[in-house]
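Participant: For reference, the structure I am asking about is given below.
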Amino acid sequence: MIKANPSDAVGVDLRDVQKWYGSVLAVRGVSLAIAPGEMVCLLGPSGCGKTTTLRMIAGLEKPDAGDIRIGDTLVNAVSPWKRNIGMVFQNYALFPHMTVHENVAFGLTMRNRPAGEIRAAVEDAMAQVRLAGYGDRRPSQLSGGQRQRVALARAIVTKPNVLLLDEPLAALDKKLREQMQVEIRQLQRAVGITTVFVTHDQEEALTLADRIVVMEEGQIVQIGSPADVYERPKSRFVSDFIGFTNAVGGKVVSVTGTTARIETASGHSLDIPGAEGVAAGDEVDLVVRPEKVAIDPPEGSGCVVVEGDLVHTVYSGAVTYFHVDIGRGAILIAMAPNAHGAASALPTSGARLRLGLTPDTVLVFPRRG
Amino acid sequence: MSQPNAAAPPAARLPTSERVLNAYVIAVLVFLALPVFIVVPLAFSDDVSLSFPPRGFSLRWFANILERPEFGRAFALSAAIAIFATIVALTAGTLAALGLVRHRFPGRDATVTFFMTPLIFPAIVLGAALALMLSPLGLLRSFWGLALAHVVLTFPYVLRTALATLSEIDRALAEAAYTLGANRWKTFRHVTLPLMRPGLLAGATFALIVSFDEFTISMFLVGPGMMTLPLEMYNYAEFSLDPTIAAISTILLIITSVAIIVIEKLVGLGKQFS
Ligand SMILES: Nc1ncnc2c1ncn2[C@@H]1O[C@H](COP(=O)(O)OP(=O)(O)OP(=O)(O)O)[C@@H](O)[C@H]1O
Ligand SMILES: [Mg+2]
């Protein structure tokens, strides 16, 4: 079993790190402290600088400003081969001219370890990723999921200080991806290695991370636990990205303490608690997850009831989405599980629906733009 | 056959256009190979004149080669020049390709084009230019002058195949090696070079053949007592047009074929893991 001694685990510290590509500022002042043994996910849309940040930690790109520390060592000018890191690339980057065994052994061979030790460590790592017996194959003779495991074994066999993974599951199908997420998480826990994982899949980030770092256009816009980010996105951008697909416009009528009374574009009035950074008269967006919108709530359940006409139904297997016009063209999407699997029993377009909004599931953000 | 009982496919009737194309391809191949079919039988002719079809059978033209030491000397010189030029061009071409593929810099494309010029430059101009350049250096009609000229000549062939191979190699492979603790040299040695090997072998084959075959440029640079094989053959043919030339050509043909087959085997093996 490959296992880092917990006291060996080191943190990673980024301070005001910047990276230019020509005239493009790909990373604009990222500061992030990763604790020893922690698993952090960099989450964000395409082009927001996740890979660039990861590559700077790896030493494959040099930051143009700022400091990067691995443990106590300032590594800005340290070559990647001296950083003792492990990295899994998006396309795995397995050496095609070597066998699986030689691939996994590569890091130890480069460290001039004795042959016996290398063989034992490689077999150990292969067993850990459940690929024992595949050593003689070429990477080209493996499936996508197996290649991914080889890449993982190759990255951890050297007992690196930091494990870096750049969308390692993006090429896998959904089922395998979910299975690998669990395996990576278990492996990371077992080995106790400080890990930075890049993804643009919010579910993946939520499943894997101790902490999620949400990035937008080269900057960090929120850092928090999965629950934090999931329940309390700090901005419209993050809320959008993390599944608050409902947005209804409105105007703040008054603010009492942290509770804001808001008049929505659909003509409803809601008291939203915990609304920060808004003042009376502000144009705002109310956002809420479709799954938090109750359909036909029982009387006296404490939620605000809005009524509207069903304009559109999206059946998506386990759940159905109902697009409801709640007045003056404002659309609220409600989601309901298909408990009885009776798609034919679903309300049809034009039906009148009662929806329930629980104020503390609704977030208020100043209108963008 | 896995299905011996399967009904035979209907007799293949190619569309006319395809049959015309096939005939054309065969005609081109025959035309290209025709010199070989003429030269090889001539080498075994008993006739003193180079005339086709050959008459009789004799090995005396091969014996004649052995009796004339200038052919042996010329062969040795050509081989030495070709091997030297190939080794230097291979080293320089690999390094140049690494620089050109791995780094973006202003004037990069122009540099590539510049390196390729010997391919498109008229050989006679290049030969004259090299003679003019080597003369003040005191290298005209010397082994090293000739060898240098052949490096210039073979370099683009090696560079071209090295560039093609290298640009096919995923950059992430070298980066993966870096993250695994391999410095630049070890990465080159264990990852990049093995992956380039098939391309480099192909480039080296080209270089060897081009150098060995070179006539025009060498003509400007050789001197008495220092003749390459093609020039020696030409000199001989000027005075006696007997099948000796055909015999030498046959030997060269065999050597080249063997070399190409061997290297194709190696390159073919190399292709297996891509
Ligand atoms: N080698 C490069 N040269 C020039 N620009 C680059 C280079 N690499 C990245 N960029 C730019 O830097 C920005 C950040 O890129 P990066 O690859 O870090 O994004 P990412 O968050 O990993 O995106 P994705 O999810 O698509 O992988 C993008 O605008 C990209 O176009
Ligand atoms: Mg990326």
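Participant: Just to be sure, is A:THR207 away from every other protein chain (no Cβ under 14 Å), modelled with pLDDT of 95 or more, more than 21 Å from A:PHE365 (Cβ to Cβ) and away from ligand 2 (no atom under 16 Å from the Cβ)? Please lay out each step first, then the result.
Facilitator: Numbers: away from every other protein chain (no Cβ under 14 Å): yes; modelled with pLDDT of 95 or more: no; more than 21 Å from A:PHE365 (Cβ to Cβ): yes; away from ligand 2 (no atom under 16 Å from the Cβ): yes.
Considered against the rule, which asks whether it is away from every other protein chain (no Cβ under 14 Å), modelled with pLDDT of 95 or more, more than 21 Å from A:PHE365 (Cβ to Cβ) and away from ligand 2 (no atom under 16 Å from the Cβ), A:THR207 comes out as no.
Participant: Mind listing whichever residues of the range A:138-171 are within 16 Å of ligand 1 (Cβ to nearest atom) and without any contact (Cβ under 8 Å) to a residue 40 or more places away in the chain?
Facilitator: A:LEU169
Participant: Exactly one condition in (1) away from ligand 1 (no atom under 14 Å from the Cβ); (2) modelled with pLDDT under 95; (3) surrounded by fewer than 13 Cβ atoms within 10 Å (Cβ to Cβ) is not met by A:ILE2; state its number.
Facilitator: For A:ILE2, the failing item is (3).
Participant: Return the pairs, sorted by first residue and then second, in which the second residue is among the basic types (Lys, Arg) and within 12 Å of ligand 2 (Cβ to nearest atom), the first residue lies in the range A:33-58 and is in the same structural domain as A:ALA205 (by TED's automatic domain parsing), the beta carbons are less than 7 Å apart, and the residues are 6+ apart or on different chains.
Facilitator: A:LEU42/A:LYS50; A:GLY44/A:LYS50
Participant: When the range A:97-133 is examined, which residues are found to be under 21 Å from A:LEU165 (Cβ atoms) and of a type outside the set (A, V, I, L, M, F, W, C)?
Facilitator: Answer for the range A:97-133, where residues must be under 21 Å from A:LEU165 (Cβ atoms) and of a type outside the set (A, V, I, L, M, F, W, C): A:ASN103, A:GLY107, A:ASP124, A:GLN128, A:ARG130.
Participant: While we're looking at this one, here's another question. Within 16 Å of ligand 2 (Cβ to nearest atom) and not in a loop (DSSP other than H, G, I, E, B), is that true of A:LEU152? Walk me through it before giving the result.
Facilitator: Values: within 16 Å of ligand 2 (Cβ to nearest atom): no; not in a loop (DSSP other than H, G, I, E, B): yes.
The answer is no for A:LEU152.
Participant: Output the residues belonging to the range A:32-64 that are within 14 Å of chain B (Cβ to nearest Cβ) and away from ligand 2 (no atom under 16 Å from the Cβ).
Facilitator: Going through the range A:32-64, the residues within 14 Å of chain B (Cβ to nearest Cβ) turn out to be A:51-52, A:54-62.
The answer is A:GLY59, A:LYS62.
Participant: If only one of A:LEU165, A:LEU108, A:LEU169 is under 27 Å from the mean Cα position of the chain (by Cα) and either within 10 Å of another protein chain (Cβ to nearest Cβ) or modelled with pLDDT of 95 or more (or both), which one is it? Steps first, please.
Facilitator: Details: A:LEU108 fails: under 27 Å from the mean Cα position of the chain (by Cα); A:LEU169 fails: either within 10 Å of another protein chain (Cβ to nearest Cβ) or modelled with pLDDT of 95 or more (or both).
After ruling out the rest, the residue left standing is A:LEU165.
Participant: Please indicate, with yes or no, whether at least one residue in the range A:78-86 is more than 24 Å from B:ILE169 (Cα to Cα) and β-branched (Val, Ile, Thr).
Facilitator: The answer is yes; a qualifying residue exists.
Residues are listed down the side, and each one gets a yes or a no for (1) farther than 30 Å from B:PHE188 by Cβ; (2) under 29 Å from the mean Cα position of the chain (by Cα):
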site	(1), (2)
B:GLU18	yes, no
B:VAL25	yes, yes
B:ALA33	yes, yes
B:ARG60	yes, no
B:PRO69	yes, yes
B:ALA85	no, yes
B:ARG104	no, no
B:ASP109	no, yes
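Participant: Then there is this: Yes or no: the range A:89-99 includes at least one residue that is more than 9 Å from chain B (Cβ to nearest Cβ) and aliphatic (A, V, I, L, M).
Facilitator: Quick first cut of the range A:89-99, residues more than 9 Å from chain B (Cβ to nearest Cβ) only: A:99.
Pick out the ones that are also aliphatic (A, V, I, L, M) and you get none.
Scanning the range A:89-99, I find no residue that is more than 9 Å from chain B (Cβ to nearest Cβ) and aliphatic (A, V, I, L, M), so the answer is no.
Participant: May I pose another question? Among the residues of the range A:277-327, count how many are free of Cβ contacts under 8 Å to residues at least 12 places away in the same chain and either aliphatic (A, V, I, L, M) or under 21 Å from A:GLY257 (Cα atoms) (or both).
Facilitator: 1
Participant: How about the range A:198-240: which of its residues are among the aliphatic types (A, V, I, L, M) and farther than 26 Å from A:GLY86 by Cα? Please lay out each step first, then the result.
Facilitator: To start, the set of residues in the range A:198-240 that are among the aliphatic types (A, V, I, L, M) comprises A:198, A:205-206, A:208-209, A:212-215, A:220-221, A:223, A:227, A:229, A:238.
Across the range A:198-240, the qualifying residues are A:VAL221, A:ALA227, A:VAL229, A:VAL238.
Participant: Checking the condition within 14 Å of chain B (Cβ to nearest Cβ) and more than 16 Å from ligand 1 (Cβ to nearest atom), which residue from A:GLY71, A:GLY11, A:GLY86 passes?
Facilitator: Values: A:GLY71 fails: within 14 Å of chain B (Cβ to nearest Cβ); A:GLY11 fails: within 14 Å of chain B (Cβ to nearest Cβ).
Going through A:GLY71, A:GLY11, A:GLY86 in turn, the sole match is A:GLY86.
Participant: Answer yes or no as to whether A:THR99 is in contact with a strand residue (DSSP E or B) (Cβ under 9 Å, 6 or more places away or on another chain), within 19 Å of B:TYR178 (Cα to Cα), in the same structural domain as A:ASP210 (by TED's automatic domain parsing) and not aromatic (Phe, Trp, Tyr).
Facilitator: Details: in contact with a strand residue (DSSP E or B) (Cβ under 9 Å, 6 or more places away or on another chain): no; within 19 Å of B:TYR178 (Cα to Cα): yes; in the same structural domain as A:ASP210 (by TED's automatic domain parsing): yes; not aromatic (Phe, Trp, Tyr): yes.
No, not satisfied.
Participant: Kindly indicate which of A:ASP13, A:ASP67 is surrounded by fewer than 16 Cβ atoms within 10 Å (Cβ to Cβ) and away from ligand 2 (no atom under 16 Å from the Cβ). Full working, then the answer.
Facilitator: On the way: A:ASP13 fails: surrounded by fewer than 16 Cβ atoms within 10 Å (Cβ to Cβ).
After applying the criteria, what remains is A:ASP67.
Participant: A:LEU43 fails exactly one of the following numbered conditions: (1) within 23 Å of A:ARG185 (Cα to Cα); (2) more than 14 Å from ligand 1 (Cβ to nearest atom); (3) crowded, with 24+ Cβ neighbours inside 10 Å. What is the number of that condition?
Facilitator: Going through the list (1) within 23 Å of A:ARG185 (Cα to Cα); (2) more than 14 Å from ligand 1 (Cβ to nearest atom); (3) crowded, with 24+ Cβ neighbours inside 10 Å, A:LEU43 breaks only (2).
Participant: While we're on this one: Residues that are assigned by TED's automatic domain parsing to the domain that holds A:VAL248 and in contact with a His (Cβ under 9 Å, 6 or more places away or on another chain): list the strands (runs of 3 or more DSSP E) wholly contained in the range A:263-369 that include at least 1 such residues. Walk me through how you get there before you give the answer.
Facilitator: On the way: elements: A:269-272, A:283-288, A:304-316, A:319-325, A:331-337, A:352-357, A:363-366.
Those strands (runs of 3 or more DSSP E) span A:304-316, A:319-325, A:331-337, A:352-357.
Participant: Tell me, please, whether a residue that is within 16 Å of ligand 1 (Cβ to nearest atom) and either within 14 Å of chain B (Cβ to nearest Cβ) or among the hydrophobic types (A, V, I, L, M, F, W, C) (or both) can be found in the range A:113-134.
Facilitator: Taking the range A:113-134 first, the residues within 16 Å of ligand 1 (Cβ to nearest atom) are none.
No, every residue in the range A:113-134 fails to be within 16 Å of ligand 1 (Cβ to nearest atom) and either within 14 Å of chain B (Cβ to nearest Cβ) or among the hydrophobic types (A, V, I, L, M, F, W, C) (or both).
Participant: Shifting gears a bit: Return the total of residues in the range B:159-213 being away from chain A (no Cβ under 14 Å) and not in a helix (DSSP H, G or I).
Facilitator: Selection size over the range B:159-213: 0.
Participant: Does A:ALA190 satisfy the criteria of being at pLDDT below 95 and more than 25 Å from A:LEU54 (Cβ to Cβ)? Walk me through how you get there before you give the answer.
Facilitator: Values: at pLDDT below 95: yes; more than 25 Å from A:LEU54 (Cβ to Cβ): no.
Answer is no for this residue.
The values are calculated or read from the model by the stated rules, or taken from the named source; none is laboratory data. For clarity, every value in this text was computed on a predicted model and none was experimentally measured. Cβ: placed from backbone, ideal geometry, glycine included. Neighbour counts: every protein chain shown.
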